Each structure stands twice: as structure tokens, then as C-alpha cells.
């Protein structure tokens with residue numbers, strides 16, 4: 001089992017970086033959540049993946065059995081405060097968790113004037129309410145134990161804005177504000193909160209909801225200064241770094257990993273010269 005190569009996201013940190021710690025990753029069975037879960041498990045953590053469908057956990061559980069990782073599955077709808085509290089109390093009875101990754105999300109492109117109240121409420125319920133419920137209830141145990149950390153997954157359009165995602169951008173902006181507020185409020189309890197803002201990366205969910213046509217994907221790639229999409233493994237590697245002891249003095253920060261997409265590009269194309277002379 002130990003002869004298998006480490007997952008790409010875990011190759012940049014020592015093998016026992018998270019040994020002795022328990023991590024809970026919401027939406028941890030697919031996409032970025034899956035890669036973060038794999039990395040944490042490979043680096044020694046006991047990992048609990050929680051999402052609405054336990055079917056999403058099958059791939060990770062099978063890999064964990066093959067590799068000898070400690071991975072558990074829980075069914076959880078983060079929009080249901082009582083369900084989140086129940087799971088938090090259950091886990092607190094067995095030592096609680098040291099790391100919470102709020103990764104569960106929902107998103108799709110829709111003009112604001114056509115966005116229904118139900119769709120608005122659904123995305124905010126998962127992203128903003130769910131992040132608060134998990135942070136609040138699992139955070140209570142961290143406060144009691146005097147240690148812990150929370151990593152929230154946001155997006156750069158939380159502060160840059162972007163057409164078609166008013167529901168998601170509003171929710172992510174709230175999560176970013178929550179991150180920084182609680183980073184100040186809970187630091188005295190030995191708890192750190194940070195966020196990561198991934199740029200476009202390859203995943204089945206994003207492809208289906210955000211760039212289903214090849215031409216749309218190509219247009220997005222052309223806007224990225226590095227000229228390509230990232231990978232879920234790259235994003236997860238930076239998430240693991242923020243959770244590692246290397247970042248023990250980082251608190252309330254948001255790490256942008258987007259190939260430069262969110263940077264201002266000005267009015268001129270790269271390398272273009274516009275009049276004038278030099279002497």
C-alpha cells in the first residue's frame with residue numbers, strides 16, 4: 001500500500017504533516033473537495049467527508065482502503081442547521097475535529113433578472129448559510145479544546161464581480177467577510193481561519209455548469225495570463241499549504257490561485273506599443 005505514489009497535491013509537504021489530526025471536508029467526495037480530502041489523508045489525517053450524497057464518497061473510500069488511509073463518510077446537508085449540530089456533537093464525543101474545510105457549494109450561470117427566488121435561496125443556503133452553520137457548530141468544539149483551523153473556499157468574483165453569478169458572488173463575499181471577522185474574533189481561542197480563491201480549473205461539475213461548450217472554455221482560457229486552466233490538484237496543493245504548520249502565522253488571509261485571471265489587464269494588449277518615443 002505504501003508503494004503507491006502520493007496524490008499530486010500531497011507531494012510538496014512532509015508525509016506526516018497532518019498526523020494525529022481529524023479533518024472534516026464538506027463536499028469532500030468530488031472535484032476540489034476530493035483532492036483536498038485525498039491530500040489530507042495521504043499526509044496522515046483522519047478525514048471525514050460529508051455531503052448530501054454518500055454515493056459521491058465511493059471513489060475516495062475505495063482508494064483509502066487500498067492505500068490504508070483513515071477516511072470516513074457522513075451524509076450531511078449543510079443547509080440544515082440541526083443536522084450540522086448533531087454531527088458536530090457526535091464527533092465532539094470522540095475528540096472533535098482539528099480542521100474544517102468548507103467546500104460545499106452550488107453555482108450556475110444565470111442573468112440576475114431571470115434568477116428565481118428559489119435558485120437564489122438555494123445557492124446562498126449552501127454556500128453562506130452552510131459555511132456559517134458548519135463553522136459555528138464545529139467551531140464550538142475547537143473553542144473548547146483551544147485549537148483548530150477553518151479553510152473556506154471562495155472565488156475572486158466575490159470582490160471583482162462577474163456577470164451571471166450574482167447569487168454565488170454574493171454568497172462568496174459573505175463567506176470572505178465571515179472568514180476575516182472570525183479570524184479576529186476566534187484567534188484568542190487558538191483558531192485560525194483562512195480562505196482560498198481558485199480560478200477556473202478542470203472539473204466535471206464546473207464544465208457542465210459554467211463552460212459546457214468548447215468555445216466558451218476557449219474564450220475563458222484566452223483571458224488567463226498563463227493561458228490555461230488550473231487543475232484540482234494544483235488548487236488542493238495550495239489549500240494543504242494554508243492548513244500546514246508552514247502557515248501557522250497566517251490568519252484571515254485569502255490566497256488567490258487563478259493564473260492571474262483576476263488581475264487588471266488595462267486597455268492595451270500585452271507587448272503592444274502605443275505611440276510616443278524614447279530617447
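Tabulated data
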read-out	value
Among the residues listed as 85, 90, 72, 66, the single one being surrounded by fewer than 24 Cβ atoms within 10 Å (Cβ to Cβ) and free of Cβ contacts under 8 Å to residues at least 24 places away in the same chain	90
Any chance residue 55 is over 23 Å from residue 231 (Cβ atoms) and in a strand (DSSP E or B)	no
Among the residues listed as 88, 64, the single one being part of a helix (DSSP H, G or I), over 13 Å from residue 134 (Cα atoms), in contact with a helix residue (DSSP H, G or I) (Cβ under 9 Å, 6 or more places away or on another chain) and at pLDDT 95 or above	64
Extreme residue, farthest from residue 183 (Cα to Cα), among residues of the stretch 198-250 that are in contact with a helix residue (DSSP H, G or I) (Cβ under 8 Å, 6 or more places away or on another chain), assigned to a helix (DSSP H, G or I) and at pLDDT below 90	217
Residue that is at pLDDT below 95 and closer than 13 Å to residue 99 by Cβ, where the choices are 39, 44, 28, 20	28
Failed criterion for residue 181 (all others in (1) surrounded by 15 or more Cβ atoms within 10 Å (Cβ to Cβ); (2) in a helix (DSSP H, G or I); (3) at pLDDT 95 or above hold)	(1)
Hits in the stretch 148-163 (condition: in contact with a helix residue (DSSP H, G or I) (Cβ under 8 Å, 6 or more places away or on another chain) and either farther than 23 Å from residue 81 by Cα or surrounded by fewer than 23 Cβ atoms within 10 Å (Cβ to Cβ) (or both))	155, 157, 158, 159, 161, 162
Any hit, the stretch 100-108, residues being surrounded by 15 or more Cβ atoms within 10 Å (Cβ to Cβ), out of contact with any strand residue (DSSP E or B) (no Cβ under 6 Å at 6 or more places or on another chain) and modelled with pLDDT of 95 or more	no
Verdict on residue 194 being closer than 30 Å to residue 15 by Cβ, modelled with pLDDT of 90 or more and assigned to a loop (DSSP other than H, G, I, E, B)	no
Cβ-Cβ under 6 Å pairs, at least 6 apart or on other chains, the stretch 252-277 side surrounded by 10 or more Cβ atoms within 10 Å (Cβ to Cβ), far side modelled with pLDDT of 80 or more and in a strand (DSSP E or B)	253/194; 254/195; 254/197; 255/196; 256/197; 257/198
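The values are calculated or read from the model by the stated rules, or taken from the named source; none is laboratory data. Remember, predicted model here, so these are calculated numbers, not experimental data. Here Cβ is always computed from backbone atoms with ideal geometry, including for glycine, and neighbour counts include all displayed protein chains.
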